[in-house]
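Visitor: This is the structure, below, for whatever I ask next.
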Amino acid sequence: MTLSMVGMDRSRVAFMRGSVRKRGSGWQLRVYVGQHAGKDVYRSRTVRGSKREAEAELRRFLDEVERQVGHDDHHVTVEQLFNRWWPRHKHDLATATVTTHEGDFRRHILPHLGEHRVVDVRGRHLDAWMAELLDAGLKANYVADLHRRLSPLFTQAVKWEIIATNPCRQSTPPKRTKKPPVAPTAEELSAIVATAEAEGEHMLATYVAVAAAIGARRGEMCGLRWGDVDLDAGAIRVVRSITKVAGGHQVKSTKTGAVSGGAISASTVERLRSWRARVEANLALVGGELSRDAYVFSPEVEGMVPYYPDSVSHRFRVVRDAAGVRREISVNTLRHFHATTLIAAGVDPRTVASRLGHSSPNLTLSTYAASIPATDRAAAELIDLGD
């Protein structure tokens, strides 16, 4: 059997390919029309006659299929495109992110843009959509996030050759306002830990103290296992994170995929020793032994189920309010306390970034820029030459 490609202009080759193959007493014509569910899709027909006649028929077949496919794509709406794209795209996202992003599309994107044909959407239409959302009271940062959610959808439309350019690139999302991270004071932290202890919330008290000491994210704290804690060396490794999903939880890597953590203070070591002794005592009552794989923070005696992030947040709010601490102080601000305390003390950004699990020191500096001026002023005073 022979396989020959029919010559076409470059613009057509980019979209569609055709071939002629001898099949019995005739010729099989095949035209590539794209992919579906990750597999190549072809249309084919069989003709008789000479090879030259078959190649001429293939050119007509290509024109016919290209008109049909182009007609279909020309009429696809934004909502139809979303329904094609989302089932595959969502597998690239964390479970919690899938819920958030799909909700954003259903509430704020598709109701406004879903009925528009993809080929008709221009940057000015997206600017008008964002202006409408801002007029409705949505925050500028959130509208900018929606614009960022929408862009990959149109990028896929470009890849599928439905449109030539992504209209998000011809639109202007609102300018983001970056607020400095809120962090508790040392006195507020002490009040929360003391209140938790007084109310018998020993696990939460330990969680708060350790989170402030290592700067781990909420899910990463919940993912700590005793095998990650070296009390003799005074160090903790943060290597995984916990996300709550329907029917249970999901164990995944840290947000950036990096291992973070590091050395911990003597007081943090002692607090963890005390917590471990309490856990082991409870296990002994049921004839068990503590496993290296057991979670440091768990609602179960054996420790094989992690404390869920939302559960931590709920208990934290209750204890925070009982301690009389500001309501803007949340579990997430423990991480900010760690970062701002280190930066204010003059610890170099690379070390801070490593402990936080940031991808680069630049991210640390941009996130916590508001904590730098005081240190910068102190540095300036060091090189004051006087009169």
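The values are calculated or read from the model by the stated rules, or taken from the named source; none is laboratory data. Computed from a predicted model, the values in this text were never measured in an experiment. Cβ: placed from backbone, ideal geometry, glycine included. Neighbour counts: every protein chain shown. Heavy atoms of the whole protein, side chains included, go into the accessibility calculation; ligands, DNA and RNA do not. Shrake-Rupley method; radii C 1.70, N 1.55, O 1.52, S 1.80 Å.
Visitor: Dividing the Cα radius of gyration by the Kirkwood radius, what Rg/Rh value follows for segment 219-362?
Guide: 0.97
Visitor: From the Cα gyration tensor of segment 285-363, with a ≥ b ≥ c the square roots of its eigenvalues, which class applies: rounded if a/c is under 1.5, or else prolate if a/b is larger than b/c, or else oblate? Mind dumping the intermediate values first?
Guide: Working: a/c = 2.94, a/b = 1.45, b/c = 2.03.
Cα axes put segment 285-363 in the oblate bin.
Visitor: Now for a separate question. If you take P(r) over Cα pairs in 20 Å bins from 0, in percent from the coordinates, which of [x] 19, 20, 11, 8, 10, 17, 12, 3, 0; [y] 25, 43, 26, 5, 0; [z] 21, 38, 27, 13, 2, 0 do you get?
Guide: Checking each listed value against the structure points to [z].
Visitor: Can I ask one more? With a cut-off of 8 Å between alpha carbons and a minimum separation of six or more residues, what is the relative contact order of segment 211-267 in percent? All intermediate terms of the calculation are to be shown ahead of the outcome.
Guide: Values: 85 pairs, mean separation 20.4, N = 57.
In percent, rounded to a whole number, it is 36.
Visitor: Provide the solvent-accessible area of Ser265, counting protein heavy atoms only and rolling a 1.4 Å probe, rounded to the nearest 10 Å².
Guide: Counting only protein heavy atoms, Ser265 exposes about 60 Å² to solvent.
Visitor: Using a 1.4 Å probe on the protein heavy atoms only, what accessible surface does Tyr308 show? Give it in Å² to the nearest 10.
Guide: 50
Visitor: Another question, if that's okay. With a sphere of radius 14 Å drawn around the Cβ of Lys51, what net charge do the other residues whose Cβ falls strictly inside it have (Lys, Arg +1; Asp, Glu -1)?
Guide: Numbers: positive: Arg21, Lys22, Arg23, Arg48, Arg52, Arg59; negative: Glu53, Glu55, Glu57.
Charge balance in the 14 Å sphere: +3.
Visitor: With a 1.4 Å probe and all protein chains left in place, how much accessible area per residue does segment 134-193 have, in Å²?
Guide: Working: 3490 Å² over 60 residues.
Roughly 58 Å² per residue, with all protein chains present.
Visitor: In whole Å, what is the distance between the alpha-carbon centres of segment 219-274 and segment 112-181?
Guide: Cα centroid to Cα centroid, the span is 38 Å.
Visitor: Which percent of the Cα-Cα distances in segment 243-294 go past 12 Å?
Guide: On the way: 1026 of 1326 pairs.
Distances greater than 12 Å cover 77 percent of the Cα pairs.
Visitor: Let me ask another. With the other protein chains left in place, how much accessible area per residue, in square angstrom, belongs to segment 251-363 at a 1.4 angstrom probe? Mind dumping the intermediate values first?
Guide: On the way: 5960 Å² over 113 residues.
Per residue, segment 251-363 has 53 Å² of solvent-accessible surface.
Visitor: At 222 nm, what value in deg cm²/dmol follows for the chain if DSSP H runs of at least 4 each add -39500 (n - 2.57) and the sum is divided by all its residues, to the nearest 500? All intermediate terms of the calculation are to be shown ahead of the outcome.
Guide: Working: 16 runs with 192 residues, N = 387.
Helix-only estimate at 222 nm: -15500 deg cm²/dmol.
Visitor: Can you send over the carbon and sulfur percentage of the accessible area for segment 144-196, probe radius 1.4 Å, protein chains only?
Guide: On the way: 1630 of 2910 Å².
Answer for segment 144-196: carbon and sulfur cover 56 percent of the accessible area.
Visitor: Another question, if that's okay. If you take the beta carbon distance between Glu115 and Thr46 as r and set R0 to 41 Å, what does 1/(1 + (r/R0)^6) give as a FRET efficiency, to the nearest 0.05? Write out the running numbers ahead of the final one.
Guide: Details: r = 41 Å, r/R0 = 1.00.
Once rounded, the FRET efficiency stands at 0.50.
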